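The values are calculated or read from the model by the stated rules, or taken from the named source; none is laboratory data. Just so you know, these numbers come straight off a predicted model, no measurement behind them. Virtual Cβ from ideal backbone geometry, glycine too; neighbours counted across all protein chains shown. Just so you know, the surface numbers come from the protein's heavy atoms only, side chains and all, with ligands and any DNA or RNA stripped out. Shrake-Rupley method; radii C 1.70, N 1.55, O 1.52, S 1.80 Å.
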Amino acid sequence: MKIDDSFYMKLAIDEAWKYQLLTYPNPAVGCVVVKNGEILSIEAHKEAGLAHAEVNALKAAYLKKYPNDLIKMKKTSHEIHEYLINNHDNFFKDCEVYVTLEPCNHIGKTPACANLLKELKPKRVIIAHKDINKEASGGIEVLINENIEVSIGCMEKEAYELLYPFIKWTSGSFIFFKMAMTLNGCIDGKISSNQTLAYTHTLRDKIDLMLIGGNTVRIDKPTLDSRYIVGRAPNIFIYSKNKIFDNNIPLFKVPNRDVIISDDLFKLLDYKFIMVEGTYTLMETLKERIDYIILLISPKIRKGLNALNEIDQDFEIIHENKLGKEKIVYLKRK
């Protein structure tokens, strides 16, 4: 295996994919810090409002060398920024920092990562993709003006795929279809482990809207909340021509949520981040509108509802992750 820029950048990209969609409305970003050929840290941005990938990676790298340092107690991005700027003692001068997205040059909920790197002066910063957000861009120029070597475009295509949901929801709507299934495509009954269910509920906590078919609501009588993580219950769009439902179905009794019952899919354009949960029938209905399909695959073979014969759709596998004993496969419509 060749140890080069692409090797380290792939580590950063793979780490970022662990938090894909969970960082909404921010992009998923990964970062790796290397010092004299040694990998000091592999980190990612994990949630909007928390420290960015570079900050997490720089803190972890510093702790690799000084495991009992006071920086261990610093939790917020502002605290970590300030501590590193005042205490780095040129530790990063012979480091290379690999980051999947141009370091931000914007002060919002967190300080600008470009400014932190400017102060730490690493030997080189390798960036996979430029920032498309004009408000946050400009980090490359900040680093170059500080005479820090910058390399741009390493694994740019893979970084673009990582960035794609962010590009979609900042310019319009991003719609993904989440489906749990067995190895043979069965989607009946309880399939997922508790760990995977917690992941699904974490997604529900982040989205702007959840879409589900009317027949599924009538048959399954779901709640569709985020109770596994004590999170926010999403607003619901029930796709149905028949507007009559039993009001005792649990999803209608969840407080502080809006429930829309409609067959007008253009209403989805009013929302930026939409998750669809449903069967193969709903997948076929929405095939021209879905950006991603996320398959949660359990290592089982079961008898039950499987794909319809009339489904004919092609996808590209963008990424695969393990989640406990199960697998997450991200598919993008061709």
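Residues of region 256-276 being within 15 Å of D225 (Cα to Cα) and at pLDDT 95 or above, which ones? Hits for region 256-276 are R257, D258, V259, I274, M275, V276.
Applying the condition of being under 19 Å from G172 (Cα atoms) and assigned to a loop (DSSP other than H, G, I, E, B) to region 250-273 and asking which residue is nearest to the chain's Cα centre (by Cα) yields K272.
I want to confirm something. Restricting to region 106-133 and keeping residues that are open to solvent by 50 Å² or more (accessible area, probe 1.4 Å) and of a type in the set (S, T, N, Q), which single residue is nearest to E161 (Cα to Cα)? Applying the filter and picking the extreme gives N133. When restricted to residues that are free of Cβ contacts under 8 Å to residues at least 12 places away in the same chain and surrounded by 14 or more Cβ atoms within 10 Å (Cβ to Cβ), region 223-239 contains 0. Just one of the listed residues (N242, N247) is free of Cβ contacts under 8 Å to residues at least 12 places away in the same chain, of a type outside the set (F, W, Y) and assigned to a loop (DSSP other than H, G, I, E, B), and it is N247.
For region 227-270, residues that are β-branched (V, I, T), touching a Lys or Arg at 6+ places or on another chain (Cβ under 9 Å) and over 19 Å from I290 (Cβ atoms) total 3. The residues in region 242-275 that are among the basic types (K, R) and surrounded by fewer than 15 Cβ atoms within 10 Å (Cβ to Cβ) can be counted, and the count is 3. Against the list (1) assigned to a loop (DSSP other than H, G, I, E, B); (2) surrounded by 14 or more Cβ atoms within 10 Å (Cβ to Cβ), the condition T281 fails is (1). I301 meets the conditions (1) free of Cβ contacts under 8 Å to residues at least 40 places away in the same chain; (2) surrounded by fewer than 17 Cβ atoms within 10 Å (Cβ to Cβ) in every case but one. The failed one is (1). Taking first residues from region 108-122 that are under 15 Å from E149 (Cα atoms) and outside any helix (DSSP H, G or I) and partners that are modelled with pLDDT of 95 or more and of a type in the set (A, V, I, L, M), the Cβ contacts under 7 Å between residues at least 6 apart in sequence or on separate chains come to K121/I148; P122/V97; P122/I148.
In the set (1) under 18 Å from L21 (Cα atoms); (2) assigned to a loop (DSSP other than H, G, I, E, B), V276 fails one condition alone, (2). Applying the set (1) outside any helix (DSSP H, G or I); (2) out of contact with any Phe, Trp or Tyr (no Cβ under 7 Å at 6 or more places or on another chain); (3) of a type in the set (A, V, I, L, M, F, W, C); (4) over 21 Å from L224 (Cα atoms) to L331 leaves exactly one unmet item: (2). Quick check on region 240-252. Is at least one of its residues out of contact with any strand residue (DSSP E or B) (no Cβ under 9 Å at 6 or more places or on another chain) and closer than 27 Å to I167 by Cα? No, region 240-252 contains no residue that is out of contact with any strand residue (DSSP E or B) (no Cβ under 9 Å at 6 or more places or on another chain) and closer than 27 Å to I167 by Cα.
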